[in-house]
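A short write-up of the structure that comes next.
All of the numbers you see were taken from the coordinates with simple rules; none came from a lab. All values derive from a computational prediction rather than experimental measurement. Using ideal geometry, Cβ is built from the backbone for each residue, glycine included, and neighbour counts are taken over all protein chains shown.
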Amino acid sequence: MLEFLTTVLLMILGGVLIAQKIDRKARRFERNVKRAFAPPKRQSAPRRTAPTAPKQKPVPSAPFNAEKSQPAEPHTEISGPAYIVDGDTIKIKKTQIRLFGIDAPELNHPHGKKAKWELVGLCKGQTIRAVITDEDDHGRTVAKCYLPDGRDLSAEMVKAGLAIDWPKFSGGQYRPLEVENARKKMWLADARQKGRIHVWEQYEERKKARKEGASGTSN
């Protein structure tokens, strides 16, 4: 009887083991089938990283070279006391400045010295503000120049009857300020504006002849 029971138990245990083994094989088969028929996975694109710039070594500053150095760009404004050159030219901080838009007599022309002293009187003891506009054919800086109270030096010289408007450069800005007969009075300046250089030449020749005649008489 005992042997019979033992045999039955062994058969039952064997059946259980066989069933477990079959179950494991079935699960493995199912996984393999799923893997075989599963859609392929999308591969994510690799992240792009910005290239890092190579580190630059600091460049040592070069020593100052006076021969290769150049002056800095001029400022748009210059301010300071003015030295008077003639009736339409001044100097501020060693910069020669032509008054904008007007023409005054040369020092050796009629009314030239009077024009200079008129400008001296306007600028004496004043800080002049020059707003740079251009550079003329002679390399002079052209600027609108103002007194501390805001008056325009070009306008003041025209109103004083010792300069005339130069429309080519001013656009006629100062023409309404000209005194009566100003162009007859400053006929050499008027001739220059109109391109009549021969008038200047004739004047210089007559002046030179008078000097030579005077020196011959004194001898």
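Site pair residue 131 and residue 209 shows an inter-label distance of 4.8 nm when each label is modelled 7 Å from Cα along Cα→Cβ. Geometric descriptor of the stretch 147-188, per residue, is 74 Å³ (volume of the convex hull of the Cα atoms).
Using the Cα centre of the stretch 140-219 as origin and beta-carbon charges of +1 (Lys, Arg) and -1 (Asp, Glu), tell me which of 200, 189, 143 is placed farthest towards the positive end of the dipole. Looking along the dipole axis, the top candidate is 200.
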